[in-house]
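Trainee: Take a look at this one; I'll ask things after.
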Amino acid sequence: MTRLAKQGSIFAALAGVALFACVQGEKTAQSADSTARNLTLAPTESTAALKDVPARATEAAKPALEKKAPVKKPVAAKPAPLMLAAGARVPATANDTISTRSAKAGDSFTATVSQDVKDATGRVVIPAGATVSGTITAAEPAPNPNSTGRIDLSVTSVSVHGKSYAIDASVVAMDTIMKGRGVTKADAAKVAGGAVAGAIVGKLLGKNTKGAVIGGAAGAAAGAAAARASRDIDVVIPKGAAITVKLNAPLTVKTA
């Protein structure tokens, strides 16, 4: 009986030890499980602890660079056209000799502007060197030294910087000279005719050769005088002679 009691005590003690071991095992397991969970959660908790400042917001995407429109250079305003008022005078010089001996109505001529022609503000409208063009409207030599010949010019255009402009203008002055043509065949015929007529008259009057000679000489002299009296005198505008043109109407010239 006593032996059974002892065995029961032993069994009870073993059971207690086993129970204690189980309890300790559960605690150990729980502790290990908690440790494992702590190790697993530590990074998250640690990170959370370190992030004591708010997370930086995601930067907004940079807008695409806008294309800049090309800068237009300011266009300078064109100056107003140049204008000469009616009555303005244009000095020029003849480019070639014009003579009533060879010229005839309808022939063309040119002259070169000799000085800058400016408007009321001082701007040059027709520069020196510009070309004036026109036609000869009359070319009549003087029939004798006691009369005057005639040469008339008409201006039609002026060329400025290579561009031609029609103009309404008149030639109001020009340098001319009177030039005799010298002894012509017609003059010789007049002298010879006078000599023959004088010789005939001398012969008729003097009835001798001497009278015929004297008459011939007198007739020749008379014929020469007649030739001189009727000899043509040309009106000449020499090359380089001054010609003055006056505008009858305003002239507008585009700026260069």
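Trainee: To the nearest 20 Debye, how big is the dipole of the stretch 96-162 about its Cα centre, given +1 on the beta carbon of each Lys and Arg and -1 on that of each Asp and Glu?
Mentor: Roughly 20 debye for the stretch 96-162.
Trainee: Next question. If you place +1 on the Cβ of every Lys and Arg and -1 on the Cβ of every Asp and Glu, how big does the dipole about the Cα centre of the stretch 62-132 come out, in debye to the nearest 20?
Mentor: So the magnitude is around 680 debye.
Trainee: Also, I was wondering about something else. Once phi is turned into θ = phi - 60°, what whole-Hz ³J(HN,Hα) does the Karplus curve with 6.51, -1.76 and 1.60 give for every residue of the stretch 83-95, x standing for Gly and Pro?
Mentor: For the stretch 83-95, the Karplus curve yields 9, 10, 7, 4, x, 5, 10, 10, x, 8, 10, 5, 7 Hz.
Trainee: Show VAL172, VAL158 ordered by accessible area, largest first, where the area counts protein heavy atoms only and the probe is 1.4 Å.
Mentor: Correct descending sequence by accessible area is VAL172, VAL158.
Trainee: Applying a 10 Å radius around every beta-carbon, put 72-82, 146-156 in order of their mean neighbour count, most first.
Mentor: Ranked by mean Cβ neighbours within 10 Å, highest first: 146-156, 72-82.
The values are calculated or read from the model by the stated rules, or taken from the named source; none is laboratory data. Source: prediction; values computed, not measured. Glycine gets a Cβ as well: all are built from the backbone with ideal geometry, and neighbour counts include every protein chain shown. To get the accessible areas, we keep the full protein, side chains included, count just its heavy atoms, and leave off ligands, DNA and RNA. Shrake-Rupley method; radii C 1.70, N 1.55, O 1.52, S 1.80 Å.
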